[in-house]
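The values are calculated or read from the model by the stated rules, or taken from the named source; none is laboratory data. Remember, predicted model here, so these are calculated numbers, not experimental data. Counting neighbours? That spans all protein chains shown, and the Cβs are built from the backbone with ideal geometry, glycine included. Just the protein is used for accessible areas: all its heavy atoms, side chains included, with ligands, DNA and RNA removed. Shrake-Rupley method; radii C 1.70, N 1.55, O 1.52, S 1.80 Å.
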Protein chains: 2
Amino acid sequence: MVIELYELVGRDDRRFSPYCWRTRMGLEHKGLDYKTIPVRFTDKDLIAFSGQGRIPVIKDGEMVVSDSWAIAEYLEQTYGDRPALFGGETGHGLAQFLNVWADRSLHSALIRLVIADILDHLDEADRDYFAESRTEWFGKPPREIQTRSEEDLKAFRQVVSMIRAALGDRQFLSGAAPAYGDYIVFGAFGWARSISDFPLLSEDDDVYAWRARMMDLFDGMAGKAVGYDV
Amino acid sequence: MVIELYELVGRDDRRFSPYCWRTRMGLEHKGLDYKTIPVRFTDKDLIAFSGQGRIPVIKDGEMVVSDSWAIAEYLEQTYGDRPALFGGETGHGLAQFLNVWADRSLHSALIRLVIADILDHLDEADRDYFAESRTEWFGKPPREIQTRSEEDLKAFRQVVSMIRAALGDRQFLSGAAPAYGDYIVFGAFGWARSISDFPLLSEDDDVYAWRARMMDLFDGMAGKAVGYDV
């Protein structure tokens with residue numbers, strides 16, 4: 001049975017949700033058959049069956065799961081005979097910490113650098129919704145947020161420096177092989193490159209090399225996705 | 001053979017190093033025999049044998065290891081037949097992320113709330129060293145840093161809210177049982193209660209309950225240490 005993944009999409013098939021990237025990488029990690037159903041902000045009726053309004057949503061037979069963290073837990077439990085996303089209970093607990101950190105610290109530093117680029121890469125139908133909801137949220141419009149001030153760049157460099165320090169001399173955050181902790185953090189970069197040509201990482205950065213390894217996984221799935229080569 | 005743990009100490013035997021707390025909890029977790037050797041800032045000659053000047057240092061027979069993270073890795077590798085600190089490679093990798101986060105985000109938020117309290121609980125011999133080195137570091141003296149401004153309290157509440165979210169409905173950050181990830185975060189609280197009566201957590205906070213569980217571990221080892229009941 002093919003799992004359906006309902007995934008946020010911009011124009012030109014750009015997949016810019018960090019949460020959907022987590023789920024997509026998790027499905028690949030488990031080696032599960034899936035197909036993605038693109039959903040624009042204004043297409044929310046497509047996921048009404050999930051009883052809530054946020055993506056990602058997966059439909060696995062009769063089972064419907066929303067929220068990327070809940071989906072990862074569902075996949076790990078349901079497909080326990082396949083490669084582990086968490087590597088046991090300790091890894092599961094610590095991945096949840098990383099999940100919280102990425103949602104709060106990593107994403108909040110990144111959004112300020114690319115929010116106007118998101119707007120520019122949305123399908124026409126979604127632009128007003130995005131501009132208005134984010135202006136309300138942040139108290140000013142996307143183009144006034146995305147100034148890439150020295151302060152905003154410094155905040156982003158700080159979160160990247162934490163990723164770099166946590167990598168140490170390992171290939172992946174999770175060790176010699178990638179696991180869900182890597183997908184959590186990669187979500188932010190999969191998002192950014194889909195809609196922004198701003199170079200977030202310098203080529204000599206260990207985090208750049210890690211991101212390149214992530215894009216090469218699963219036959220280069222993430223690297224082949226529509227996006228900028230930065 | 002008894003492992004020697006060289007541990008930073010203030011007056012009245014107060015153990016206020018978060019890094020030493022990580023190591024001490026790790027030694028207990030492994031069920032290893034150890035004794036602690038108290039070291040004041042001005043007693044650094046006691047650890048000269050380690051070839052560097054920072055605590056914790058452990059001496060396990062002929063083996064000398066410094067740096068709490070390196071010590072945890074050493075203990076896990078050397079005493080692999082005892083309860084796991086990391087729970088496998090994924091847990092090891094993700095614990096390193098938590099280690100980086102605690103060092104940078106948790107500690108930097110906490111130090112601003114208790115730095116003058118540290119000064120007040122140091123042995124007389126250490127006070128000038130601490131006051132001068134920290135004044136140089138922060139650009140102002142401890143009593144001017146520890147104002148507990150609304151901004152500083154908010155920053156600390158934010159890091160606590162991340163711990164709370166990561167706990168979810170689990171007993172420990174690492175799952176149903178504690179592991180090194182919990183000891184990393186507990187280090188900050190073991191430090192704070194040893195020298196400060198400032199209530200960092202409210203009693204109805206899940207993080208307060210978690211901290212209480214941490215203090216109860218190993219026959220209440222951490223709870224019995226000299227400190228304030230806050």
Can you go through A:V100, A:V160, A:V114, A:V185 and tell me which one is free of Cβ contacts under 8 Å to residues at least 12 places away in the same chain and part of a helix (DSSP H, G or I)?
A:V100
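How many of the residues in segment B:134-152 are in a helix (DSSP H, G or I) and either touching a Leu at 6+ places or on another chain (Cβ under 7 Å) or touching a residue at least 40 places away in the same chain (Cβ under 8 Å) (or both)?
Within segment B:134-152, the first condition is being in a helix (DSSP H, G or I), and the residues that meet it are B:134-138, B:142-145, B:150-152.
Retained after the next criterion (residues that are either touching a Leu at 6+ places or on another chain (Cβ under 7 Å) or touching a residue at least 40 places away in the same chain (Cβ under 8 Å) (or both)): B:142, B:152.
Looking only at that region, the number is 2.
Residues B:A72, B:A84, B:A109, B:A131: which one is of a type in the set (A, V, I, L, M), over 30 Å from A:V100 (Cβ atoms) and modelled with pLDDT of 95 or more?
On the way: B:A72 fails: over 30 Å from A:V100 (Cβ atoms); B:A84 fails: over 30 Å from A:V100 (Cβ atoms); B:A109 fails: over 30 Å from A:V100 (Cβ atoms).
Just one listed residue meets the conditions, B:A131.
Would you point out the residue of segment B:165-183, among those that are surrounded by 15 or more Cβ atoms within 10 Å (Cβ to Cβ) and more than 9 Å from every other protein chain (Cβ to nearest Cβ), that is farthest from the chain's Cα centre (by Cα)? Explain how you work it out, then say what you get.
Filtering segment B:165-183 for residues surrounded by 15 or more Cβ atoms within 10 Å (Cβ to Cβ) gives B:165-167, B:170-175, B:177-183.
Among the residues that remain, those that are also more than 9 Å from every other protein chain (Cβ to nearest Cβ) are: B:171, B:178, B:183.
Working: B:Q171: 20, B:P178: 15, B:Y183: 8 Å.
If we take residues in segment B:165-183 being surrounded by 15 or more Cβ atoms within 10 Å (Cβ to Cβ) and more than 9 Å from every other protein chain (Cβ to nearest Cβ), then B:Q171 is farthest from the chain's Cα centre (by Cα).
May I ask you to verify whether A:R14 is surrounded by 18 or more Cβ atoms within 10 Å (Cβ to Cβ), within 25 Å of A:A166 (Cβ to Cβ) and more than 14 Å from chain B (Cβ to nearest Cβ)? Even if it seems obvious, please write down each step before you answer.
Working: surrounded by 18 or more Cβ atoms within 10 Å (Cβ to Cβ): yes; within 25 Å of A:A166 (Cβ to Cβ): no; more than 14 Å from chain B (Cβ to nearest Cβ): yes.
So A:R14 fails the test.
Please tell me if A:A155 is within 14 Å of chain B (Cβ to nearest Cβ), hydrophobic (A, V, I, L, M, F, W, C) and not in a helix (DSSP H, G or I).
no
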The conditions are (1) within 14 Å of chain B (Cβ to nearest Cβ); (2) surrounded by fewer than 20 Cβ atoms within 10 Å (Cβ to Cβ); (3) not in a helix (DSSP H, G or I), and A:F198 fails exactly one of them. Which is it?
(1)
Kindly establish whether A:A72 is outside the structural domain of A:A177 (by TED's automatic domain parsing), under 25 Å from A:I47 (Cβ atoms) and of a type outside the set (K, R).
yes
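Kindly evaluate B:D43 against the criterion of being open to solvent by less than 60 Å² (accessible area, probe 1.4 Å) and not basic (K, R). Break it down stepwise before answering.
Values: open to solvent by less than 60 Å² (accessible area, probe 1.4 Å): yes; not basic (K, R): yes.
Here the answer is yes, as B:D43 does meet what is asked.
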How many residues are surrounded by 22 or more Cβ atoms within 10 Å (Cβ to Cβ) and within 14 Å of chain A (Cβ to nearest Cβ) if we restrict to segment B:201-213?
1
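Taking only segment A:201-214 into account, find how many residues are part of a helix (DSSP H, G or I) and either touching a Lys or Arg at 6+ places or on another chain (Cβ under 7 Å) or among the aromatic types (F, W, Y) (or both). Working first, answer last.
The initial filter retains those residues of segment A:201-214 that are part of a helix (DSSP H, G or I), namely A:206-214.
Still in the running and either touching a Lys or Arg at 6+ places or on another chain (Cβ under 7 Å) or among the aromatic types (F, W, Y) (or both): A:206-208, A:210.
Residues meeting the conditions: 4.
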Name every residue in segment A:215-226 that is open to solvent by 30 Å² or more (accessible area, probe 1.4 Å) and not in a helix (DSSP H, G or I), in order of residue number.
A:V226
Per-region count, segment A:47-79, residues open to solvent by less than 30 Å² (accessible area, probe 1.4 Å) and in a helix (DSSP H, G or I)
7
Given the structure, is A:Y129 buried (at least 23 other Cβ atoms within 10 Å of the Cβ), assigned to a helix (DSSP H, G or I) and either in the same structural domain as A:S68 (by TED's automatic domain parsing) or of a type in the set (S, T, Y) (or both)?
no
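Let me confirm something: among A:D120, A:D103, which residue is more than 18 Å from the chain's Cα centre (by Cα) and open to solvent by 50 Å² or more (accessible area, probe 1.4 Å)?
Numbers: A:D103 fails: more than 18 Å from the chain's Cα centre (by Cα).
Checking each option against the conditions leaves just A:D120.
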